[in-house]
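Nothing in this text is a laboratory measurement; each read-out follows from the coordinates by a stated rule. Keep in mind that this is a model prediction, so the values were computed, not measured. Please note: Cβ atoms are built from the backbone with ideal geometry, for glycine as well, and neighbour counts cover all protein chains shown.
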Protein chains: 2
Amino acid sequence: MLKISKKTDYALMALQHIASVQFGDVTPGRVVNTKEIAEEYNIPLELLAKVLQSLSKNGLIESHNGPKGGYLLARSARQITIAHIIESIEGPLAITDCSHEKEGEFCMQREHCNIRTPLLKIQDSIYQLLNNMTLADMLGGTPLITIQSASTQGVE
Amino acid sequence: MLKISKKTDYALMALQHIASVQFGDVTPGRVVNTKEIAEEYNIPLELLAKVLQSLSKNGLIESHNGPKGGYLLARSARQITIAHIIESIEGPLAITDCSHEKEGEFCMQREHCNIRTPLLKIQDSIYQLLNNMTLADMLGGTPLITIQSASTQGVE
DNA sequence: ATGATCTCCGATCAATATGGTCGCACTAAA
DNA sequence: TTTAGTGCGACCATATTGATCGGAGATCAT
Ligand code: FES
Ligand code: FES
């Protein structure tokens, strides 16, 4: 149904929480542990743990072991894009099955199929959209996205 | 994984086919039947039938019963948006579960949740995107979408 | 040094959504 | 009236996702 998974939901909540802790008050050394987030948002602890592990593996957050351990952002909230978050959890963004086909594995309808190109276009557009929105945008009352103009694309 | 279902894929192929037969303008003589499309694109006949039924129920195509029956576009290809097609098959576009919650059924994390608003923004943006692209765009070699500029939003 | 606390990671089970199949009723042309 | 087609709902199979469990390794407090 073109929707993101619950895990991604959890990831967004967690990141939002971590970010707001690090940004909001003057507590630079403050790490957030899994339990704290899980209880705050009613997320199954073990599931959230896995989600956070994925995020950490993808370099979005840093993990600190041992007691008093926990997570903190690996980068500024402004550098973390929604696209990156989603892809960390769900794998490469693929609006349709045959967009990331491995070599040699084409769907049989390929040669008859003329929806492939347009779909890839759409996929790209969605990616642009998600890539232009960062964690920071989710934090403040910032006006958020506002689809990026095609002509000013790639300004970065 | 933020992807559209195969049924929707089939719907797009079928519509693309029907449209290309009619070539954008309604030519009342030529109807296309399910079997023809199914065989052309290697789609399970019964499944495609259901997909076409959904499309017909949603007013995108007209069905004609009896022998020599089949389907034809109910509207010009330029009037059929991708968003409409997708929603006909998959129901209302909902990037996240709680975007279309029924009254009285809020997820428990709602009051703590600050990702809701941004997600709805994203959802809306994606909708705009899909709503600005029509079947006609998928047909020709038209430059397609080209994300709509934020500043010129709502010009239609 | 030792134990307690916490993350890390792989395996596994359950719930749900999706893909695909049947069978029959209905409709319209020949 | 026969026949080729859609309309439609129930149904099963499979894939994806959500959630759970158990143990290994790291770090800090004592
Ligand atoms: S469905 Fe795979 S290429 Fe079109
Ligand atoms: S998860 Fe439902 S409101 Fe945020």
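For label points placed 7 Å from Cα toward Cβ, what is the shortest-first list of nm distances from B:Pro67 to its copies?
Relative to the other copies, B:Pro67 has label-point distances of 8.6 nm.
Calculate the spin-label point distance for B:Asn33 paired with A:Arg78, positioning each point 7 Å from the Cα along the beta-carbon direction, and give it in nanometres.
Modelled inter-label distance: 6.4 nm.
Got the A:Glu40 label distances to the other copies yet, label 7 Å along Cα→Cβ, in nm, shortest first?
5.5
Shortest first and in nm to one decimal, what separations exist between B:Asn114 and its copies in the other chains, measuring from label points 7 Å along the Cα-to-beta-carbon line?
5.0
Which peptide among A:80-87, B:44-51, B:86-93, B:12-19 comes first, and what is the full order, when sorted by highest mean count of other Cβ atoms within 10 Å?
Numbers: A:80-87: 21.0, B:44-51: 15.4, B:86-93: 17.6, B:12-19: 23.4.
Highest to lowest by the protection proxy: B:12-19, A:80-87, B:86-93, B:44-51.
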